[in-house]
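Participant: Dropping the structure in here first, questions after.
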Amino acid sequence: MSDISLIVLLPLLAAVLTAALPRQAAAIGTLATGLNAFLAANLGRQILHSGTVTEAIGDWTAPLGITFDANGLASVMLAMAAIVGLAVSLQAAAGPARAGFWPLWMATLGALNGLFLSSDLFNIYVAFEILGLAAVGLTALAGTRASLRAAFDYLTAGLVGSLLVLLGIALSYSVTGRVDMEAVAMLTQSDTGRIALALIAAGLVVKAALFPLHFWMPGAHSSAAPAASALLSALVVKGALYLVLRLSLEGGAGTEFLRNTLAVLGAGGMLWGAWNALRAERLKLLVAHSTVAQIGLIALAIGVAGNPLETGLWQAAALLMLSHALAKAAMFLAVGRIAEALGHDRISGLNREELRPGPAEFAFAIAAISLVGLPPTAGFIGKWFLIEGLIDKGGIHWIALILLGTALSAAYLSRVVSRCLRGGPHVSATARRPPWRTGDVAALGLATGALLLGLAAALPISLLETPFA
Amino acid sequence: MSFFLPLAILMTSLGVAPVILMMPDSARRLRTGVNLAAASLKVALVAWLSYEVAHGTSFDLRHSIAQGLELHLQADALSVLFLALSSILWLLTTIYAVGYLEGGTDRSRFFGFFSLCVASTVGIAMAGNLFTFLVFFELLTLATWPLVVHRGTSEAHRAGRIYLAYTLGGGLALTLGTIWLYALAGEVAFEPRGVLGDIPETSPLALTAIFVLLIAGVGVKAALVPLHGWLPLSMVAPAPVSALLHAVAVVKAGAFGIMRIVYDVYGVETVQALGLAAPLAALAALTILWGSFRALTQDDLKKRLAYSTVSQVSYITLGVALISPVAAIGGLAHLVHQGIMKITLFLAAGNFAEGEGVKTVRAMDGMGKRMPGAMLAFTVGALGMIGIPPLAGFVSKWYLGAGGLDAGQPMVIALLAGSSLLNAAYFLPILYRGWFCAPPEGVTPGRRLGWMLAIPPATTATLVLAAGLLASAPFSPLGWTRFIVSLEYL
């Protein structure tokens, strides 16, 4: 068995094991996440060394068989899931055990890895289904009324999205007679094919929570438990975004209407999410709305990348995905710790006199720098490429929108960060500092990683530059 | 080994900042020890670097981020000017801050961000291209925000919000301008006389727009009117922060940015050919007069000093924008001269507030008797600002005036005369009250200040005197700026 199929099977195996042995779930899950990170790093090294690695399962090649395709982009995504996964596992293993978390999280990881590596539309659909169901489970895990309701909305939206994707894939099969990635380029040639592409895109838009079909998302991401929110916001929505990017790269960006729609919806999401985050009263809701805004930015980057995709612009989208994953997971973990110390997550109540700012608030502030996209973060490098590419294309209106979105993100995040800088008369002399917990280490590690990723951006960029098979 | 010195100079504050941030507040001795050791080491390293640069050694530290995107630290004569200023004043302000914040809260946070602030300034000083400059310029914004809101009052947080809105807004303009220039010209390294080649002929309009964006971006920190609104408000910060912000870190980073953009990105000839020098000079002149004018009516001592900063920093911009080597000497020398004069004034004002609780001009009566040392330092700084010979400010104004004539702009003489009159009008009443009015009835002697608060203003006042008296010595600020200007113009 090769590294490629191992990295998909290992988490799925761990999902079964953690379900069967709930007492050892934390240990097995953490071990599996560690192994997964090792495999992802190893695969990345191989790709840097010798280019895209392809594996045809059972030696059946496309269009008949199923192929896994480990290219540079997939490897960056695998690394993203692995790093976020490590931090989340660390936090979950140290925290109170919730039955069901580990099997669901392992299934999520396996589905994501499969999604990133698949070169086959039907396979992608299967991975998507597993991902969607596991994500609904993660949402419902908190067990509160709000989370159950949010999980139900999520389930409904997810099913609608899946149906659209499935319909699109069926239609595309009827047009091209194949389900591997070669089919995508053919779809733009005929009317029926373009409809198939539009159906798949619409399904992905629902799953990615792109404005205006994001209605289910803030509720789901803000009512789940912190570790689950981090996974949902940082990784699960990235699955759909990755696929939008992948389909565009494979030739799916051939229809101008789809590209423009994506960019316009992206810009809308960026502003709408920011506006709601500015008005949010609860911290988790603010962070969830910020995800709506960031997804908008990424979708905008994919939408304006043109046909064929311009290197700088689509790489910008990939870098923004990576940076957002790390920073957003850090932020949700930090918010979890803040809410734990305070007993609530109302933003106006962050100024508690008897509590000094702790490490979690520091982590939040550092993650905020990445989300705004200030140097030296990877978010900054991503925005740099994006704006540079848009200048070359003459897309001045898009640049204006991106700058507006950036300014708004600074505005809503500084609402929180300024309260993290409280002191003086707002803190009583006997105030205590919240003690360090493993969750703080995980949040701070991820946030620092997102901050320094910009300095090490050469590595993901050289991975992204690996030619596709 | 050409990378060692720039790296060491950066790390003596960038590497120290996280260490200090993590220390518990109670570890006072350890924190002070680490702080002072790092600051002293940095001064020594900068002295070594200056010696090497004067003898023609070049320094280079590069880290590639992507194709055509590189972090690059180097050290040229202009870097050394700014490095020397920030390292020496950082040492003095740190000593002062340790004394000033005695018994305060959140001191680890304060000194951690203080170090980060200086790390950004030395990064700005040593930046070898526009991208690196931008990275440290934005870091400076983030590092100073916690210092502005340090007191934690609602007023401080309001000032912090306004500060952030101004500086992040400026940062966006600078970012856009930088990316646009990179898209147009490839990597924009800093080289004497500019790096744009024949682009000014092919796309003058784009270059003009980029120039406006870049100058607006750095102009927020340089407090060019109408982008100066944050500066008087941020006076709510503790005295050492005001001193450092005004003398070294923030406004000087802005002024230094203007120098880099005009001299080492566009080059003076291109700036003049595009017709951008005259508007910049006019904006500087407007700022000089407006700042002085507003300073007249401020009763709060620190606010008066803040408006004075708005005005005085634009002397530097004026010297750059006049496109005359003589004026450039005046402007560049003023980068250092204004720094040491303004820090003297702020440290002395901090001592008035700490020692006698005096925060307004009205309450300054009899300060010469109540705190003779601090009053003497304040007087030296104020007379220097007015431009009385033989103090440092006189030297800058002399060269600016001569440069105005050299550039065929005799109006500059009138501007300098008018501004000096206004300087006198807002500084002399303070001196008069301090030396010639009797202390108010029934005032009780305030607390005695330790050496940590007394020595720094005395030292900087001595420097103000020395920079004027020894202006023609080879390593004086003036001597060094002559060296720089010979590279930019000859």
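Throughout, read-outs are computed from the coordinates displayed, never taken from laboratory work. All values reported here derive from a predicted model rather than from experimental measurement. Using ideal geometry, Cβ is built from the backbone for each residue, glycine included, and neighbour counts are taken over all protein chains shown.
Participant: What is the helix-to-structure angle for A:311-342, meaning the angle in degrees between its Cα long axis and the longest Cα principal axis of chain A, kept from 0 to 90 and rounded to the nearest 10?
Facilitator: Computed tilt is about 30 degrees.
Participant: Kindly provide the Kirkwood hydrodynamic radius of segment B:100-208 in Å, to one decimal, from all pairs of distinct alpha carbon atoms. Working shown, then result.
Facilitator: Values: mean 1/r = 0.0622 Å⁻¹.
This gives a value of 16.1 Å.
Participant: Please work out the C-alpha center-to-center distance from segment B:354-416 to segment B:216-246 and express it in whole Å.
Facilitator: 19 Å
Participant: Using only helices, what value at 222 nm comes out for chain A when you add -39,500 (n - 2.57) per DSSP H run of length 4 or more and divide by the total residues, to the nearest 500 deg cm²/dmol? Each step should come with its number before you reach the end.
Facilitator: Values: 19 runs with 341 residues, N = 469.
-24500 deg cm²/dmol, from helical runs alone.
Participant: Evaluate the relative contact order of chain B (contact order divided by residue number), counting alpha-carbon pairs under 8 angstrom at least 6 apart; express in whole percent.
Facilitator: On the way: 851 pairs, mean separation 69.0, N = 490.
Result for chain B is 14 percent.
Participant: Per the helix-only calculation at 222 nm, which mean residue ellipticity applies to chain B, given -39500 (n - 2.57) for every DSSP H run of n ≥ 4 and division by its residues, nearest 500 deg cm²/dmol? Don't skip to the end; give the middle numbers.
Facilitator: Values: 22 runs with 356 residues, N = 490.
Per the formula, -24000 deg cm²/dmol.
Participant: To continue, here is another question. Any idea what angle helix B:301-321 forms with the longest principal axis of chain B, computed on alpha-carbon atoms, 0 to 90 degrees, nearest 10?
Facilitator: 20 degrees
Participant: Hey, can you rank A:45-55, B:164-174 by average C-beta count inside 10 Å, highest first?
Facilitator: Values: A:45-55: 15.4, B:164-174: 22.4.
Averaged packing, sorted descending, gives the order B:164-174, A:45-55.
Participant: Quick one: net charge of residue B:172's neighbours, Cβ under 14 Å, K/R +1, D/E -1? Let's see the in-between values first.
Facilitator: Details: positive: A:383, B:221; negative: B:138.
Around residue B:172, the charge tally is +1.
Participant: Which value in nm describes the separation of the simple spin-label points at residue A:31 and residue B:452, placed 7 Å from the Cα toward the beta carbon?
Facilitator: Taking the two extended label points, one gets 5.4 nm.
Participant: Let me ask something else about it. What do you get when you divide the Cα radius of gyration of segment B:390-490 by 2.2 N^0.38 Å, with N the number of residues? Let's see the in-between values first.
Facilitator: Working: Rg = 19.1 Å, N = 101, 2.2 N^0.38 = 12.7 Å.
My calculation over the Cα atoms of segment B:390-490 gives 1.50.
Participant: Count the net charge of all other residues whose Cβ sits under 12 Å from the Cβ of residue B:161, scoring Lys and Arg as +1 and Asp and Glu as -1. Don't skip to the end; give the middle numbers.
Facilitator: Working: positive: A:415, A:419, B:158; negative: B:155.
Net charge around residue B:161: +2.
Participant: Provide the convex hull volume over Cα atoms per residue for segment B:301-490, in Å³. Display every interim value, and only then the final one.
Facilitator: Working: hull volume 18.8 nm³, N = 190.
So the per-residue Cα hull volume is 99 Å³.
Participant: Normalised by the number of residues in segment B:301-490, what is the relative contact order in percent for Cα pairs under 8 Å and 6+ residues apart? Don't skip to the answer; put the middle values down first.
Facilitator: Details: 280 pairs, mean separation 60.6, N = 190.
This gives 32 percent for segment B:301-490.
Participant: Using the Cβ atoms and a cut-off under 15 Å, what net charge is assigned to the surroundings of residue B:127, where Lys and Arg are +1 and Asp and Glu are -1?
Facilitator: Values: positive: B:62, B:221, B:252, B:260; negative: B:60, B:70, B:76, B:138, B:187, B:191, B:264.
Net local charge, residue B:127 excluded: -3.
Participant: Still on this structure, please answer the following. Output the pairs from A:328/B:42; B:342/B:369; B:303/B:397; A:284/B:302; B:42/B:359 with a Cα-Cα distance over 30 Å in this structure; if there are none, say none. Show your work: numbers first, answer last.
Facilitator: On the way: A:328/B:42 37 Å; B:342/B:369 23 Å; B:303/B:397 24 Å; A:284/B:302 41 Å; B:42/B:359 33 Å.
From the list (A:328/B:42; B:342/B:369; B:303/B:397; A:284/B:302; B:42/B:359), the Cα-Cα distance tops 30 Å for A:328/B:42; A:284/B:302; B:42/B:359.
Participant: Now, a different point. Starting with the fewest neighbours, write out A:76, A:179 ranked by other beta-carbon atoms found within 10 Å of each beta-carbon. Mind dumping the intermediate values first?
Facilitator: Working: A:76 25, A:179 21.
Ordered by Cβ neighbours within 10 Å, fewest first: A:179, A:76.
Participant: Let me ask another. What is segment A:130-256 by shape, rounded, prolate or oblate, if you read a ≥ b ≥ c off the alpha carbon gyration tensor as root eigenvalues and call it rounded for a/c under 1.5, prolate for a/b larger than b/c, and oblate otherwise?
Facilitator: Numbers: a/c = 2.75, a/b = 2.45, b/c = 1.13.
Cα axes put segment A:130-256 in the prolate bin.
Participant: Averaged over its residues, how many other protein chain Cβ atoms are within 10 Å of peptide B:176-185's Cβ atoms?
Facilitator: On the way: counts 6, 0, 3, 10, 4, 1, 4, 7, 2, 0.
The per-residue average across the peptide is 4.
Participant: Same structure again: If you average the C-alpha positions of segment B:144-189 and of segment A:296-313 separately, how far apart do those two centres end up, in angstrom?
Facilitator: Between the Cα centre of segment B:144-189 and that of segment A:296-313, the gap is 27 Å.
Participant: Using 20 Å as the cut-off for backbone N distance, which residues of segment A:429-444 belong to the label zone defined by a point 7 Å from the Cα of residue A:41 along Cα→Cβ?
Facilitator: Counting only backbone N, you get A:441-444.
Participant: Over the Cα atoms of chain B, what Rg and Dmax result, in angstrom?
Facilitator: Considering chain B through its Cα atoms, Rg and Dmax are 21.2, 73 Å.
Participant: Right, something else. Working from the alpha-carbon coordinates of segment A:29-168, get Rg over Rh, Rh being the Kirkwood radius.
Facilitator: Values: Rg = 16.7 Å, Rh = 16.4 Å.
A ratio of 1.02.
Participant: Relative to the longest principal Cα axis of chain A, at what angle does helix A:237-249 sit, 0 to 90 degrees, rounded to 10?
Facilitator: Helix A:237-249 and the main axis of chain A meet at about 30 degrees.
Participant: Quick check on packing: order A:404-411, A:166-173, B:53-60 by the mean number of other C-beta atoms within 10 Å, highest mean leading.
Facilitator: Values: A:404-411: 20.6, A:166-173: 18.9, B:53-60: 13.1.
The peptides rank, most packed first, as A:404-411, A:166-173, B:53-60.
Participant: Using every alpha carbon pair in the protein assembly as shown, what percent of pairs falls into each 20 Å bin from 0 up to the bin containing the largest distance?
Facilitator: Per 20 Å bin, starting at 0, the Cα pair percentages come out as 14, 43, 30, 12, 1, 0.
Participant: Output the antiparallel fraction of DSSP beta bridges having both residues in segment A:3-464, as a percent to the nearest 5.
Facilitator: Of all bridge pairs located within segment A:3-464, approximately 90 percent are antiparallel.
Participant: Which order results if B:4, B:190 are arranged by neighbouring Cβ count within 10 Å, fewest first? Intermediate values should be presented prior to the final figure.
Facilitator: On the way: B:4 11, B:190 23.
Ascending Cβ contact count within 10 Å gives the list B:4, B:190.
Participant: Provide the packing ranking of B:285-294, A:108-117, i.e. peptides ordered by the mean count of other C-beta atoms within 10 Å per residue, highest first. The partial results should precede the final answer.
Facilitator: Values: B:285-294: 20.9, A:108-117: 27.6.
Taking the mean over residues of other Cβ atoms within 10 Å, the ranking is A:108-117, B:285-294.
Participant: Work out, step by step, the length gained on full extension between residue A:191 and residue A:347: first 0.36 nm times the residue separation, then minus their alpha carbon distance; give nm to one decimal.
Facilitator: Numbers: separation 156, 0.36 × 156 = 56.16 nm, distance 5.04 nm.
Gain in length upon complete extension: 51.1 nm.
Participant: How many partner chain Cβ atoms sit within 10 Å of a residue's Cβ in peptide A:384-391, on average, as a whole number? Kindly include the intermediate steps, with their values, before the conclusion.
Facilitator: Working: counts 9, 3, 1, 7, 7, 2, 2, 8.
Other-chain Cβ atoms within 10 Å of each residue's Cβ, averaged: 5.
Participant: Something else: Just counting partner chain Cβ atoms within 10 Å, what average do the residues of peptide B:103-114 show around their Cβ? Mind showing how you got there, number by number?
Facilitator: Working: counts 0, 2, 6, 7, 0, 0, 4, 1, 0, 0, 1, 0.
Mean number of neighbouring Cβ atoms from other chains: 2.
Participant: Binning every alpha carbon pair distance of chain A at 10 Å from zero, what are the percents per bin?
Facilitator: The percentages, shortest bin first, are 5, 22, 33, 27, 10, 2, 1, 0.
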